[in-house]
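**Q** Dumping the structure here so I can ask a few things about it.
Bear in mind that the values in this text are calculations on the coordinates, not laboratory data. This one's a predicted model, so the numbers in the text were calculated from it and none came from an experiment. Virtual Cβ from ideal backbone geometry, glycine too; neighbours counted across all protein chains shown.
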Amino acid sequence: MIKKKITIINPSGLHARPSAALVKAASKFKSSFYIHLYGYRVNGKSILGVMTLAAEYGAELEFEFDGEDEEEAMATITALVADKFGMHDE
Amino acid sequence: MSNNEGALVEKVVHGTPVSSGIAIGNVQVFDKVKRHVLPKSILNTQIPLHKENFKNARQLLIQELDEMLVHLDKTSAEIIESQKHIVLDPEIERMVHKTIEVDLQGVDYAVYSTYSIYIEKLKESGSELFQQRIVDLENLRDRFVDLVCEDDNSIEARKGAIVIAKELSPTELVQLHENGIAGLVLEKGGLTSHAALIARALGIPCIVNAKNATLKAKNGKAILDGVDGRLILKPSKELVTEYKLKHKNTSQRRKQLQKSITGLSRTKSGTNFTLSANLEFLPEIDQVNFFGISDIGLLRTEWLLLSGKASEKEQAAFYEQILEGIKGTVVVRLFDVGGDKLGEKKGEEANPFLGWRGIRRLLDEQDVLRSQLKALFKTAGKYPGRLKILVPMISVEEEVIEVKKVIEEVKNELTEVGIKIDSNVPLGLMIEVPSAALIANKLAKHVEFFSIGTNDLAQYTLAVDRGNSKISALFQHHHPAVWYLIKLVVKAAQANKIEVSVCGELAGDTLGACGLFGLGIRDLSMSPSSITKVKEELIAHTDSEFENLADEILSASNSEQIISYFSNWKAH
């Protein structure tokens with residue numbers, strides 16, 4: 001199992017569209033994926049779970065991956081967050 | 001229908017227009033009762049059946065959403081895509097299964113209670129971001145429950161009906177569209193609610209925020225005026241005739257508009273031109289996208305200062321949201337505070353328009369200037385090639401030299417601490433003071449582009465305060481003197497091979513746009529709602545026609561001659 005802290009840099013936070021992008025990418029991996037924030041722990045492959053976090057700009061999340069492709073999953077998802085979920089190239 | 005004429009009383013329900021157009025038809029009210037599903041125990045042996053029901057209903061719901069996708073533009077399609085994610089959410093599945101297997105509850109209650117838990121959580125989070133989504137989620141839940149119960153509760157309307165409802169999900173709206181409804185009135189919703197977005201994408205005349213519409217409208221004929229935001233119940237015959245005529249005109253007009261929005265921006269001679277939008281606030285982006293505009297030719301930023309949201313971080317977030325919302329480039333005008341935009345504490349000026357405003361003030365309050373430049377260069381580093389900076393109220397060359405010096409310092413400061421910037425952000429000057437227009441040839445050497453602000457240029461050239469009603473007749477932005485100055489600026493830009501555009505009201509007026517094209521301007525920025533009328537005019541003529549018009553304009557001795565020449569010119 002691996003863990004890492006990540007900051008949300010999308011100006012309007014994890015609203016519906018970035019949440020969908022996050023879940024879509026995470027669902028491609030076999031590893032389980034949990035997100036921790038303010039003591040909550042939600043399934044990162046659950047869009048409703050991610051949305052209920054209501055993570056705003058600057059929120060510091062902790063990602064937790066567990067499984068055979070955990071390294072690759074962590075790299076992919078953290079890159080996605082750093083890339084603001086691709087929300088700038090629309 | 002069977003009403004006797006004398007009993008007719010017109011009633012009007014007001015709402016916010018979100019999708020223009022006129023509909024005349026019979027009203028049909030959908031007053032859905034909120035669904036309450038009660039717990040109901042099942043036997044151990046029924047577990048597999050209930051789980052199977054859940055899987056099948058989920059499949060059907062996904063199919064319904066997929067069918068909807070074909071109707072929609074990109075923005076609306078994304079909404080449906082995220083709803084598909086919600087339907088397929090693994091936590092939903094886990095909780096539904098648990099409710100069936102462990103709590104031994106029927107599938108309908110399992111689905112209902114699981115969704116309700118999330119709806120409550122989102123409501124509790126109080127986050128503004130999800131308020132729209134909550135309605136969608138409730139609709140999704142109710143449709144899901146219908147499907148597991150195999151109820152055919154899918155909504156159906158009569159062809160040509162004006163549908164009135166408290167609120168509708170995107171799914172329901174698309175179904176109604178397939179039924180061929182003429183118009184839509186919703187009690188809830190706002191400009192950017194899902195229903196509004198989709199009604200606009202589908203071209204259904206629609207008003208939202210129509211208080212108590214479902215109570216006031218029962219049946220009978222009605223007129224929906226999606227332009228003024230009114231639903232007129234039981235209209236008189238005369239009014240119906242009047243609206244029928246309007247409807248005929250607007251639907252023809254709408255077809256034309258659609259055609260001109262999607263068509264190329266090219267004159268009859270095949271010369272390309274660019275129309276971009278003037279913008280101030282984030283929600284206006286919807287309109288920009290609706291009109292198919294990709295560039296922002298003028299982004300006003302003063303509101304950030306005036307509303308106390310001008311920290312470097314808040315600014316960067318705003319610029320970023322704008323860049324994320326559009327496809328093309330954004331010209332950001334530095335804070336143009338002063339003149340009439342003064343929420344002032346620092347002592348009143350006798351002549352604010354001739355006073356401490358725009359770059360004059362920014363050069364004195366350098367901390368404000370520097371923080372804006374920092375926010376801009378940082379944002380540009382993340383979106384290279386998409387941001388341009390425009391300096392307002394330049395009147396003398398020294399100001400240009402000084403602002404460039406500050407820009408260099410800011411760039412160096414950022415690079416030294418290792419921040420990625422776009423070092424090639426084009427710099428432009430707002431030409432809105434006659435002195436700047438007259439020395440444009442000199443100013444052009446310092447920058448990459450000019451943007452002509454015709455409102456202030458007309459005000460300063462004619463010495464007319466735009467806000468003074470006693471002399472409002474003298475504020476003539478078509479005046480030949482203004483055109484002379486514009487011509488000078490264009491010549492200077494061409495001679496120095498820099499870009500020149502116009503972002504004042506003149507660009508958004510058909511006369512102005514045609515004359516400006518004739519003078520050699522290929523780039524016009526205006527309020528989004530002016531785009532179609534300007535485009536229609538520009539694609540209807542040849543380049544030499546525009547040049548002739550410009551010649552006539554420059555040889556006129558007053559505004560009236562120009563206006564009357566234009567109306568003849570246009571008719572040919």
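**Q** Suppose each label sits 7 Å from its Cα in the direction of the beta carbon; what would the B:LEU69-B:LYS55 distance come out to in nanometres?
**A** 2.2
**Q** Hey, with R₀ at 51 Å, roughly what FRET efficiency would B:ALA77 and B:SER544 work out to, going by the Cβ-Cβ distance, to 0.05?
**A** 0.75
**Q** Taking every residue in B:88-97, how many Cβ atoms of other protein chains lie within 10 Å of its Cβ, on average?
**A** Partner-chain Cβ atoms within 10 Å, mean over residues of B:88-97: 4.
**Q** Averaged over its residues, how many other protein chain Cβ atoms are within 10 Å of peptide A:14-20's Cβ atoms?
**A** Rounded to a whole number, the mean comes out at 6.
**Q** Starting from the Cα-Cα distance between B:GLU413 and B:THR16, subtract it from 0.36 nm times their residue separation and give me the gain in nm to one decimal.
**A** So the chain would gain 138.1 nm between B:GLU413 and B:THR16.
**Q** Under the rule of -39500 (n - 2.57) per DSSP H run of 4 or more residues, summed and divided by the residues of chain B, what mean residue ellipticity at 222 nm is obtained, to the nearest 500 deg cm²/dmol?
**A** Computed mean residue ellipticity for chain B: -15500 deg cm²/dmol.
**Q** Above 50 Å lies some portion of the pair distances; for the protein assembly as shown, what is it as a whole percent of all C-alpha pairs?
**A** Cα-Cα pairs of the protein assembly as shown separated by over 50 Å account for 23 percent.
**Q** Efficiency by 1/(1 + (r/R0)^6): what FRET value for B:LEU43 and B:LYS98, r their Cβ-Cβ distance, R0 = 25 Å, to the nearest 0.05?
**A** With R0 = 25 Å, the Cβ-Cβ based efficiency is 0.90.
**Q** Viscosity 1.002 mPa s, temperature 20 °C: Stokes-Einstein D of segment B:312-442 from its Kirkwood Cα radius, in µm² per second?
**A** 137
**Q** Within segment B:349-369, what residues put their amide N at less than 19 Å from the label point 7 Å along the Cα-to-Cβ vector of B:ILE401?
**A** B:359-364
**Q** Separate question: Normalised by the residues of segment B:371-523, what does the relative contact order come to in percent, with Cα pairs under 8 Å and at least six apart?
**A** 22
**Q** Just the Cα atoms of segment B:494-538, one point each, no solvent: what log10 I(q)/I(0) does Debye give at q = 0.30 Å⁻¹?
**A** Normalising to I(0) and taking log10 leaves -1.08.
**Q** Would you order B:PHE144, B:PHE273 from fewest to most other beta-carbon atoms within 10 Å of each residue's own beta-carbon?
**A** B:PHE273, B:PHE144
**Q** For B:VAL240 and B:ILE117, calculate 0.36 nm times their separation in residues minus their Cα-Cα distance, and state this gained length in nm to one decimal.
**A** 39.5 nm
**Q** Quick check on the protein assembly as shown: of the DSSP beta bridges with both residues there, what percent are antiparallel, nearest 5%?
**A** In the protein assembly as shown, DSSP labels about 50 percent of beta bridges as antiparallel.
**Q** Taking Cα atoms, how many degrees apart are the long axis of helix A:16-26 and the longest axis of chain A, rounded to 10 and kept between 0 and 90?
**A** Tilt of helix A:16-26: around 20 degrees.
**Q** Contour minus end-to-end for B:LYS218 and B:HIS446, with contour as 0.36 nm per residue of separation and end-to-end as the Cα-Cα distance?
**A** Between B:LYS218 and B:HIS446, full extension yields an extra 75.3 nm.
**Q** Taking loop as defined by DSSP and a crowding limit of 12 other beta carbons within 10 Å, which chymotrypsin sites (Phe, Trp or Tyr not before Pro) in segment A:6-48 fit?
**A** Hits after loop and neighbour filter: A:TYR38.
**Q** DSSP H helices in chain B with Cα extent of 15 Å or more along the helix axis and mean Kyte-Doolittle hydropathy at least -0.5?
**A** Both cut-offs are met by B:47-69, B:74-87, B:107-125, B:131-148, B:366-382, B:480-495, B:543-555, B:559-571.
**Q** For segment A:51-90, list log₁₀ I(q)/I(0) at each q in 0.16, 0.19, 0.24 Å⁻¹, using the Debye formula over Cα point scatterers of equal strength and ignoring solvent, two decimals each.
**A** Per q value, in the given order, log10 I(q)/I(0) is -0.51, -0.70, -0.96.
**Q** Quick one: work out Rg over Rh on the C-alpha atoms of chain B, Rh as Kirkwood radius.
**A** Rg/Rh: 1.05.
**Q** Compute the convex hull volume of the Cα atoms of segment B:407-545, divide it by the residue count, and report the result per residue in Å³ as a whole number.
**A** Measuring per residue, one finds 150 Å³ for the Cα hull of segment B:407-545.
**Q** If you put +1 on each Lys and Arg Cβ and -1 on each Asp and Glu Cβ, how big is the dipole of chain B around its Cα centre, in Debye rounded to 20?
**A** It comes to approximately 880 debye.
**Q** Let me ask something additional. Using only helices, what value at 222 nm comes out for chain A when you add -39,500 (n - 2.57) per DSSP H run of length 4 or more and divide by the total residues, to the nearest 500 deg cm²/dmol?
**A** Result for chain A: -10000 deg cm²/dmol, rounded to the nearest 500.
**Q** Another one. Would you mind checking segment A:7-40 for residues with the amide N under 18 Å from a putative spin-label position 7 Å along Cα→C-beta of B:LYS420?
**A** The answer is A:7-11, whose backbone nitrogens lie closer than 18 Å to the label point.
**Q** For q = 0.16, 0.19, 0.27 Å⁻¹, what log10 I(q)/I(0) does segment B:161-243 give under the Debye formula with an equal point scatterer on each alpha carbon and no solvent?
**A** Evaluating at q = 0.16, 0.19, 0.27 Å⁻¹ gives log10 I(q)/I(0) of -0.56, -0.79, -1.46.
**Q** For chain A, take N as its residue count and report Rg(C-alpha) divided by 2.2 N^0.38 Å.
**A** 0.96
**Q** Using a 7 Å offset from the Cα along the Cα-to-Cβ direction at both B:LEU438 and A:GLU56, what is the distance between the two label points in nm, to one decimal?
**A** Going from the B:LEU438 label point to the A:GLU56 one covers 5.2 nm.
**Q** Still on this model: According to a simple spin-label model (label point 7 Å from Cα along Cα-to-Cβ), what is the distance in nm between B:ARG158 and B:LEU264?
**A** So the two model labels end up 4.8 nm from each other.
**Q** What ³J(HN,Hα) values, in whole Hz, does the Karplus curve 6.51 cos²θ - 1.76 cosθ + 1.60 give for segment B:289-306 when θ = phi - 60°, with x put for Gly and Pro?
**A** Result, ordered by residue: 5, 4, 8, x, 9, 9, 10, 9, x, 7, 9, 7, 10, 4, 4, 4, 5, 5 Hz.
**Q** Pull up all non-local amide H partners of B:SER527: gap of 5 or more, or a different chain, and H-to-H distance under 5 Å with H placed in the peptide plane.
**A** HN-HN under 5 Å from B:SER527: B:ASN278.
**Q** Quote the relative contact order of chain B in percent (integer), defining contacts as alpha-carbon pairs under 8 Å separated by 6+ residues.
**A** Relative contact order of chain B: 13 percent.
**Q** Antiparallel as a % of all DSSP beta bridges within chain B, to the nearest 5?
**A** Among the beta bridges of chain B, antiparallel pairing accounts for roughly 35 percent.
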